[in-house]
Amino acid sequence: MATNVAMDKKPARQTVPNAIFSLDVVKEKERYDLWRESIACIFEVDGDRALRRTSDFKAHVDANMFGPIMLARTWTQQQDWKRSPSIMARDGMDHYMIQLFEHGQMQWEDGTGLRELPKGGLIVFDLAQAVKTRTNDFCNLSLIIPRTMMDGALKPQFDQHLRVLAKGEPMVKLLRDHMLSLKSVSDRMSVRQAIEVAPATVGLAAACLNAAVDRENPHQGAGIALAQLTVIRRFIEANLSEPALSVDWIARHAGASRTKLYKLFDAFGGVGTYIRDRRLRRALLALVDETAQYRPIYDIALASGYTSDAAFSRAFRAKYGIAPRDIRGNQARLVDIGLPTDDKVDRRYERWLHHLSV
């Protein structure tokens, strides 16, 4: 009889992955530094000295994974935010991020001067582009979607970066309400339901962005350049193991002129710098992969486009300040190079951001 009961028992339902970064268990004097280190997975932040010294500094991230997309609620205090070319080269994220501010405000500058997000509106970030913003104390909700999921759905001639979507538009209201509802039911959804809702969420986001286009975009030229940059970045990523990868090699195989390549990658420090940083990032992730802890370092070097251990080790040490052979046995150093370690603070959202498209 007991056997039948056991056979009839249903397996526990898998819930939507949820990571909650909280500073509540961190010593007051260490809170700001830990927050700055953690959020560096996507932004450099800078708070004034009074904020850094306060014993009451707060920062909280509540993130959910819905299959290949991420929805996160963040609340913290007044800060400056920057996504620079060096960060983009380091993390390689190629995502759109749509934000709504539930409380607080954000400001930034563009060619027209200082701008402020209208209350109740949405703003779109292209994480493959640089940005500087400033916020006061706020709580916002961020929907993060890999660019590949939006390919073919968006009108490609328009640059989406820092587009402001006014709250009065019907499609904007639909997307805003959907984001809020999705977060509110996330703790009751199954993994299967989350995976099934992801395409609908992406479709709604694309429809909202397309419907909001009602006049010629003044940044159309920038949008075309961004599309070219995106294509070349994907080409480079697919060929990182090719030792001959260089400006000339890319120009021959990707149909882009040297002049164009230099212009597209100027903000990244040049094509060579971008290739080196992406190769070393790939090697870093391979070295800390627990499932490949016995993989020879020489194999990792080859897969990252290096033809010798010596050249790879020199480049890796110059970039990260540690030898490749030491990275596996020195967990404390992982924090220094931007990868979280396992401790009392849940920092999984950092890895999730970098692996949405995997």
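Considering only the range 246-263, state which residues are part of a helix (DSSP H, G or I) and either within 19 Å of the chain's Cα centre (by Cα) or hydroxyl-bearing (Ser, Thr, Tyr) (or both).
Within the range 246-263, the first condition is being part of a helix (DSSP H, G or I), and the residues that meet it are 247-254, 258-263.
Within the range 246-263, 259, 262 qualify.
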| Condition check for residue 282: outside the structural domain of residue 88 (by TED's automatic domain parsing), of a type in the set (Lys, Arg), under 25 Å from residue 65 (Cα atoms) and modelled with pLDDT of 90 or more | no
| request: For residues that are free of Cβ contacts under 8 Å to residues at least 12 places away in the same chain and in a helix (DSSP H, G or I), scanning just the range 264-288, find the one that is nearest to the chain's Cα centre (by Cα). | output: 285
| task | Specify the residue that is farthest from the chain's Cα centre (by Cα); the eligible residues are those in the range 173-188 that are closer than 15 Å to residue 65 by Cα, of a type in the set (A, V, I, L, M) and surrounded by 18 or more Cβ atoms within 10 Å (Cβ to Cβ). | result | 182
| field | Unmet requirement for residue 95, which otherwise passes all of (1) at pLDDT 95 or above; (2) buried (at least 20 other Cβ atoms within 10 Å of the Cβ); (3) not hydrophobic (A, V, I, L, M, F, W, C) | value | (1)
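Could we say that residue 298 is farther than 26 Å from residue 264 by Cα, in contact with a helix residue (DSSP H, G or I) (Cβ under 6 Å, 6 or more places away or on another chain) and not hydrophobic (A, V, I, L, M, F, W, C) here? Let's see the steps before the verdict.
Values: farther than 26 Å from residue 264 by Cα: yes; in contact with a helix residue (DSSP H, G or I) (Cβ under 6 Å, 6 or more places away or on another chain): yes; not hydrophobic (A, V, I, L, M, F, W, C): yes.
Yes; evaluated as a whole, the condition is true for this residue.
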| query | What is the one condition in (1) at pLDDT 90 or above; (2) surrounded by fewer than 15 Cβ atoms within 10 Å (Cβ to Cβ) that residue 345 does not satisfy? | reply | (2)
| message | For the list (1) loosely packed, with under 13 Cβ neighbours inside 10 Å; (2) at pLDDT 90 or above, I need the number of the one condition that residue 293 fails. | response | (2)
| Before we move on, is residue 103 within 28 Å of residue 180 (Cβ to Cβ) and loosely packed, with under 14 Cβ neighbours inside 10 Å? | yes
| task | Within the range 111-129, track down each residue that is crowded, with 19+ Cβ neighbours inside 10 Å and either outside the structural domain of residue 163 (by TED's automatic domain parsing) or polar (S, T, N, Q) (or both). | result | none
| query | Which one of these does residue 41 not meet: (1) within 30 Å of residue 272 (Cβ to Cβ); (2) buried (at least 20 other Cβ atoms within 10 Å of the Cβ); (3) modelled with pLDDT of 95 or more; (4) hydrophobic (A, V, I, L, M, F, W, C)? | reply | (3)
| request: Would you mind stating whether residue 280 is more than 18 Å from residue 237 (Cβ to Cβ) and buried (at least 16 other Cβ atoms within 10 Å of the Cβ)? | output: no
| Can residue 201 be described as modelled with pLDDT of 90 or more, over 30 Å from residue 298 (Cα atoms) and not assigned by TED's automatic domain parsing to the domain that holds residue 92? | no
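Looking only at the range 166-196, how many residues end up being of a type outside the set (D, E, K, R) and within 23 Å of residue 123 (Cβ to Cβ)? So that I can check it myself, show each step before the final result.
First, the residues of the range 166-196 that are of a type outside the set (D, E, K, R): 166, 168, 170-172, 174-175, 178-182, 184-186, 189-191, 193-195.
Those still in the list that are within 23 Å of residue 123 (Cβ to Cβ) too: 166, 168, 170-172, 174-175, 178-182, 184, 186.
Final tally of qualifying residues: 14.
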| request: Among the residues of the range 232-261, count how many are loosely packed, with under 13 Cβ neighbours inside 10 Å and farther than 21 Å from residue 301 by Cα. | output: 6
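Just name the residue that is surrounded by the most Cβ atoms within 10 Å (Cβ to Cβ) out of those in the range 130-172 that are aliphatic (A, V, I, L, M), under 19 Å from the mean Cα position of the chain (by Cα) and at pLDDT 90 or above. I'd like the intermediate steps shown before the answer.
Pass one, the range 130-172, residues aliphatic (A, V, I, L, M): 130-131, 141, 143-145, 149-150, 153-154, 162, 164-166, 171-172.
Next cut, under 19 Å from the mean Cα position of the chain (by Cα) only: 130-131, 141, 143-145, 149-150, 162.
Narrowing the set further to residues that are at pLDDT 90 or above leaves 131, 141, 143-145, 162.
Working: 131: 16, 141: 20, 143: 26, 144: 22, 145: 22, 162: 17.
Checking each candidate, the answer is 143.
Please find, within the range 104-124, the residue that is farthest from residue 81 (Cα to Cα) out of those that are touching a residue at least 40 places away in the same chain (Cβ under 8 Å) and part of a strand (DSSP E or B).
Narrowing the range 104-124 to residues touching a residue at least 40 places away in the same chain (Cβ under 8 Å): 108, 110, 115, 117-124.
After this cut, where a residue has to be part of a strand (DSSP E or B) as well, the list is 108, 110, 115, 122-124.
Numbers: 108: 10, 110: 15, 115: 15, 122: 18, 123: 15, 124: 15 Å.
Applying the filter and picking the extreme gives 122.
The values are calculated or read from the model by the stated rules, or taken from the named source; none is laboratory data. Note that the coordinates shown come from a computational prediction; the quantities given were computed from them, not determined experimentally. Heads up, the Cβs are rebuilt from the backbone with ideal geometry, glycines too, and the neighbour counts pull from every protein chain shown.
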